[in-house]
Amino acid sequence: MTTSPQATLSSGIVRGSEHDGIVRFLGIPYASAPFGENRFRAPQPVAAWEGAREATTFGPTPPQVPYAGALGELLGSVRIEGDDILTANIWAPAEASGAPVLLWIHGGALERGTAALPLYDGSVFARSGIVFVSINYRLGSEGFSVLDGAPRNLGLRDAAAALEWVHREIAAFGGDPERITAMGESAGGAIVAGLLARDDSRALIDRAIIESGPIQAQTAKKAGRVTAQIAKRLGVRADRDSFAALTPEQLLDARKAQAAGSSPLGGAPGFQFAIDQESLPRSPHEVLRGIDTPLLIGSNTDEYRLWFPPEALAGISELKLQAARLVTRIPRRAVSEYRAAFPGASTGEVFGQLVTDMMLRAPLSRVAAARPETTHVYEFAWSSPVRDLRAAHALELGFVFDRLGDDEARRMAGDDAPQQLADEMNAAWVGFATDGDPGWPSYGSERRTRLFDTHSATVPQRRTRGMDLLPG
């Protein structure tokens, strides 16, 4: 039976839907549309509305170009037209009251993705007693340009505004504003780290989950390289007036041309956080080591295999590996340690492990080592049979959301992924969001890590000698 529940917010009434004991409210604006006079401005408050606003469909998706080529065959995309892109979606138990809250922030390299992907359906969390919230935020040039005359880190500011909205309004959906767990994967994990690095946002977060998230911000000059190159390609100044005079499509086309042939590990610069006194005074990788917010953090064994197909890995010679080692300041001894940790691995595979550990696993491990009793660490190691992806970047999402039958999950995990592993991972995430216990001990001095695989186990963290040698 489907009914039409309502919730009263500070800006007006919203009308959602209910099915099988789960209420769902979609496309609720947490900030005004960031276009027109609001373009390249900090998120602005929502104007109040009269009557009940329908909240049964997802809001418009932020401007973006879908993944192309092999990546596009693995990672789905949804496009919904419109300007009201700063919206939140909520799944909650029908009779929720004082329930824990999970705020989900999607990934996509800060330039792709949307909360409207079916994979991110929050029903499984609501069935476990959690009020689940997902959000959209500005992406790419709209959200992460470094422009004269414009605030920096607009996409991060959007997420901060969404967090404030959740804290203010979530009681109307049965959630406890003092029990918010912020959760994100990849770029979404980076945004969670960015929120924790801000004093105002961190005060609203009870716990946090970071899945495969890069946690280092850059100087404005380095973060602004992508903006400068786009401006040069379009023949304009890198300032607010010049970029606001361009359509989102023009900026997307310029970025597409600029990034052609690149990958997350090489080529054209990508969008990154900029150190900024107003929106991000310190890099998250520094701040996270000194705060006491309980963390669940981790990464996948073979992150790089989403970005590099086998033929690309086969093309990485010893000469290329040594050249990359010098550029990235990886010590020769670290290469030897990784060869020993992965016996039989090709030169390309050793390179992939080195660089992705330097980007993801090592920084997260340093956070855990600095605060071992309040951090739980995992490594997702289950090997997909699809395209030799193994335990690639983003593969764990179908398990965390317990949606292995979803098309998005099946494209990466195949048709026979182990349901018991999805049950285990989802229960761990639910447990952490509910009471801080995912089901295994904190990192501790023993570097305890939950290894998620066909037969999961809690083990000492692997290849630590090599990671300890990596720069950063």
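The values are calculated or read from the model by the stated rules, or taken from the named source; none is laboratory data. These figures come from a predicted structure and were not determined experimentally. Note that we place each Cβ from the backbone using ideal geometry, even for glycine, and neighbour counts take in every protein chain shown. Surface areas here come from the heavy atoms of the whole protein model, side chains and all, with no ligands, DNA or RNA. Shrake-Rupley method; radii C 1.70, N 1.55, O 1.52, S 1.80 Å.
Laid out as a table, the results:
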{"item": "Failed item, numbered, when R138 is tested on (1) without any contact (Cβ under 8 Å) to a residue 12 or more places away in the chain; (2) closer than 21 Å to S32 by Cα", "result": "(1)"}
{"item": "Candidate set from region 342-374 (those that are among the hydroxyl-bearing types (S, T, Y) and in contact (Cβ under 8 Å) with a residue 40 or more places away in the chain); member that is nearest to L313 (Cα to Cα)", "result": "T356"}
{"item": "Near pairs, Cβ below 7 angstrom, 6+ apart or cross-chain, from region 211-239 (touching a residue at least 40 places away in the same chain (Cβ under 8 Å)) to any residue that is in a loop (DSSP other than H, G, I, E, B) and aromatic (F, W, Y)", "result": "A217/F273; Q218/F273; A223/F273; V226/F271"}
{"item": "Helices (runs of 4 or more DSSP H) wholly inside region 153-211 that include at least 2 residues being under 14 Å from H106 (Cα atoms)", "result": "154-169, 187-197"}
{"item": "Per-region count, region 1-48, residues hydroxyl-bearing (S, T, Y) and at pLDDT 95 or above", "result": "6"}
{"item": "Residues satisfying the stated conditions in region 417-433, i.e. in contact with a strand residue (DSSP E or B) (Cβ under 8 Å, 6 or more places away or on another chain) and crowded, with 20+ Cβ neighbours inside 10 Å", "result": "A417, L421, M425, A428, W429, F432, A433"}
{"item": "Criterion: of a type in the set (G, A, S), closer than 15 Å to W91 by Cα and open to solvent by 30 Å² or more (accessible area, probe 1.4 Å) - qualifying residue of A172, A203", "result": "A172"}
{"item": "Inter-residue pairs, beta-carbon under 6 Å, first exposed (fewer than 13 other Cβ atoms within 10 Å of the Cβ) and in region 441-464, second hydrophobic (A, V, I, L, M, F, W, C) and in a strand (DSSP E or B), 6+ apart", "result": "A457/L451"}
{"item": "Lone qualifier among E37, E18 - being outside any loop (DSSP other than H, G, I, E, B), of a type in the set (D, E) and free of Cβ contacts under 8 Å to residues at least 24 places away in the same chain", "result": "E37"}
{"item": "Residue match in region 94-113 (condition: farther than 26 Å from P45 by Cα, acidic (D, E) and at pLDDT 95 or above)", "result": "no"}
{"item": "Members of region 32-63 found to be of a type in the set (A, V, I, L, M, F, W, C), within 30 Å of E18 (Cα to Cα) and open to solvent by 30 Å² or more (accessible area, probe 1.4 Å), listed by number", "result": "V46, A47, A48, W49, A52, F58"}
{"item": "Residue within region 256-274 that is at pLDDT 95 or above, assigned to a loop (DSSP other than H, G, I, E, B) and not aromatic (F, W, Y) present", "result": "yes"}
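Here is a yes/no grid of residues against (1) hydroxyl-bearing (S, T, Y); (2) closer than 23 Å to I205 by Cα; (3) open to solvent by 60 Å² or more (accessible area, probe 1.4 Å):
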position	(1), (2), (3)
V65	no, no, no
G69	no, no, no
D83	no, no, yes
S97	yes, yes, yes
L103	no, yes, no
L110	no, yes, no
